[in-house]
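Beneath this line is the structure, given in structure tokens, with notes to follow.
What follows is calculated from the coordinates using simple rules that are stated; it is not laboratory data. It should be emphasised that the depicted structure is a prediction, and the values quoted were computed from it without experimental measurement. Quick reminder, even Gly has a Cβ in these numbers, built from the backbone with ideal geometry, and neighbours come from all protein chains shown.
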Amino acid sequence: MESYFGIELDQVHLDLRYNLRSLGYTGGLKGCERKAGIDRGDLEGVDGYFAVLLWDDYQRNKNEKALKSLLAYNIQDVVNLETLMVLSYNLKLKDTPFTATHQTTSVGRRS
């Protein structure tokens with residue numbers, strides 16, 4: 001993104017899969033969501049392969065509905081990643097002396 005847009009993103013990168021795996025969450029993003037009880041609503045069952053098909057349909061046929069579905073799918077991924085980040089952060093804190101003072105309800109916000 002930095003090279004494509006020509007901007008500097010001075011942010012930490014964290015791959016949640018390692019943190020989630022250490023907590024017993026496996027199966028990729030969708031598997032972790034299921035274990036955490038996250039419901040995707042109308043997007044349940046849509047996976048990365050189907051997302052590729054949606055993009056292909058949009059590219060070939062200019063199918064706006066396919067593009068809207070793909071965007072909804074991607075937005076749901078981002079929202080659920082935050083939820084899983086908060087969950088994993090709080091679970092990692094659980095057995096530390098910081099659990100009462102550092103629990104969070106959203107990224108950057110303590111409860």
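Mind telling me which of Lys94, Lys62, Lys30 comes out most flexible in a GNM of the chain, alpha-carbon contacts under 10 Å? In the Gaussian network model the winner is Lys62. Dipole orientation for the chain: of the candidates Gly48, Gly28, Ile7, Gly28 has the Cα lying most toward the positive pole (charges on Cβ; Lys, Arg +1; Asp, Glu -1). Here the Debye sum runs over all C-alpha atoms of the range 2-110 as equal scatterers in vacuum, and log10 of I(q)/I(0) at q = 0.10, 0.14 Å⁻¹ comes out as -0.40, -0.73. Straightening the chain between Leu67 and Asn90 buys 4.8 nm, computed as 0.36 nm per residue apart minus the Cα-Cα spacing.
Loop-only check: which chymotrypsin sites (Phe, Trp or Tyr not before Pro) in the range 31-111 are DSSP coil with at most 11 other Cβ within 10 angstrom? Of the chymotrypsin sites (Phe, Trp or Tyr not before Pro), the ones in loops of the range 31-111 whose Cβ has at most 11 other Cβ atoms within 10 Å are Phe98. The ranking of Tyr18, Tyr25 from fewest to most other beta carbons within 10 Å of each one's beta carbon is Tyr18, Tyr25.
My understanding is that a pair violates if its Cα-Cα distance is over 25 Å; which of Lys30/Lys62; Lys30/Lys92; Lys30/Lys65 do that in this structure? Could you put the intermediate results ahead of the total?
Values: Lys30/Lys62 28 Å; Lys30/Lys92 21 Å; Lys30/Lys65 23 Å.
Exceeds cut-off: Lys30/Lys62.
Listed peptides 33-39, 7-13 appear in the order 33-39, 7-13 once ranked by packing, highest mean of other Cβ atoms within 10 Å at the front. Between Arg17 and His102, the simple label model (points 7 Å from Cα in the Cβ direction) yields a spacing of 2.6 nm.
Only aspartates and glutamates eight or more places from Lys35 in sequence, or on another chain, were considered; those with a Cα closer than 20 Å are Asp15, Glu44, Asp47, Asp77, Glu82. With the simple spin-label model, which puts each label point 7 Å out from Cα in the Cβ direction, the Glu8 to Trp55 separation comes to 2.9 nm.
Couplings 3J(HN,Hα) for the range 11-25, derived from phi with the Karplus relation 6.51 cos²θ - 1.76 cosθ + 1.60 (θ = phi - 60°), are 10, 6, 9, 10, 8, 5, 4, 5, 5, 5, 4, 5, 9, x, 9 Hz, where x marks Gly and Pro.
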